[in-house]
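Notes follow once the structure below has been shown.
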Amino acid sequence: MAVNPYDTPRGRLRTRAEATRRQFLMLMGTVGALGATVFGSIEILKFMFPEVTGNAPAQFKTDFTFDELTGGVDPQTKQARAGVAVKSITSKRVTVVLDDAGIYAVLLVCTHLGCTPNYGTDVTTGSGVKDDVADARGVRKPNERIPNGWACPCHGSRYFIDSTNFYGPAPRPMDWVDIQVTPDNHFVVDRSKYVAIRQPGDQTPPHWRLRVDTKKDNGKTLGV
Ligand code: FES
């Protein structure tokens, strides 16, 4: 700050006070900008890497029963009556799938950046992958096959019904988590207990299933 040698003492005091006020405002501005940058960065990081289900407990019980998913067990064949069936619980980030081998639960956390993929009955359109490639995934009879799976709303990754990625930036399949039958014939899903984890490029379909006839899992974990 330049000093005017001809200024009066009162003038010099006023000049000094104005300089102090300017410095204070600059300091406040800098602190504000810094705070906004830090806060914004944290929010962007939370968006890019969301927690699996916020602070929700890892275990949850389904609203639907074993019989509502399977149609009940045929006493002759010991198989489900419903054929294949899918129930998505998007708020819990899980889809429960019934195929001819049994029941499994896919954790809906996109392996790209963690968004929640949506279940759909036609995930091949526009991907360049033929329907019959998608149809062949999962364990199901020819008349039960459709090109279903999941599509991620964030950057377009797509997954077959066995959760294998086939399109977009997702580097690997989505994981499967534990699902068991409760004493009152619902299901309990444990999102903290993985039963199938596959690495990039691994197209092996997991064989883990909750069996329909015994209501117990077959223990065939993969990659855990
Ligand atoms: S987060 Fe799913 S494609 Fe990017």
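The values are calculated or read from the model by the stated rules, or taken from the named source; none is laboratory data. Bear in mind the structure is a predicted one, so any value in this text is a computation, not a measurement. Backbone-built Cβ (ideal geometry, glycine too); neighbour counts: all protein chains shown.
A count restricted to the range 144-176 and to residues that are of a type in the set (A, V, I, L, M) and under 13 Å from the mean Cα position of the chain (by Cα) stands at 3. With the condition kept exactly as written, say whether any residue in the range 168-184 is of a type in the set (S, T, N, Q), at negative phi and assigned to a strand (DSSP E or B). Yes, some residue in the range 168-184 is of a type in the set (S, T, N, Q), at negative phi and assigned to a strand (DSSP E or B). The residue of the range 66-98 that is nearest to ARG191 (Cα to Cα), among those that are buried (at least 16 other Cβ atoms within 10 Å of the Cβ) and touching a helix residue (DSSP H, G or I) at 6+ places or on another chain (Cβ under 8 Å), is VAL96.
Within the range 82-98, none of the residues are under 21 Å from GLY219 (Cβ atoms) and assigned to a loop (DSSP other than H, G, I, E, B). Among the residues making up the range 130-167, those that are among the β-branched types (Val, Ile, Thr) and more than 16 Å from the ligand (Cβ to nearest atom) are VAL133, VAL139, ILE146, ILE161. Of everything in the range 105-123 that's within 10 Å of ALA151 (Cβ to Cβ) and away from the ligand (no atom under 11 Å from the Cβ), which residue is surrounded by the fewest Cβ atoms within 10 Å (Cβ to Cβ)? Within the range 105-123, the match that is surrounded by the fewest Cβ atoms within 10 Å (Cβ to Cβ) is ASP122. Of the residues contained in the range 72-79, none is found to be over 18 Å from ARG209 (Cα atoms), at pLDDT 95 or above and part of a loop (DSSP other than H, G, I, E, B).
Does the range 185-205 hold any residues that are of a type in the set (Asp, Glu) and either crowded, with 20+ Cβ neighbours inside 10 Å or in the same structural domain as TYR159 (by TED's automatic domain parsing) (or both), and which are they? If the condition is that a residue be of a type in the set (Asp, Glu) and either crowded, with 20+ Cβ neighbours inside 10 Å or in the same structural domain as TYR159 (by TED's automatic domain parsing) (or both), then ASP190 is the only one that fits.
When you scan the range 162-173, do you find a residue that is among the hydrophobic types (A, V, I, L, M, F, W, C), in contact with a strand residue (DSSP E or B) (Cβ under 9 Å, 6 or more places away or on another chain), closer than 30 Å to GLY72 by Cβ and in contact (Cβ under 8 Å) with a residue 12 or more places away in the chain, even just one? No, the range 162-173 has no match at all.
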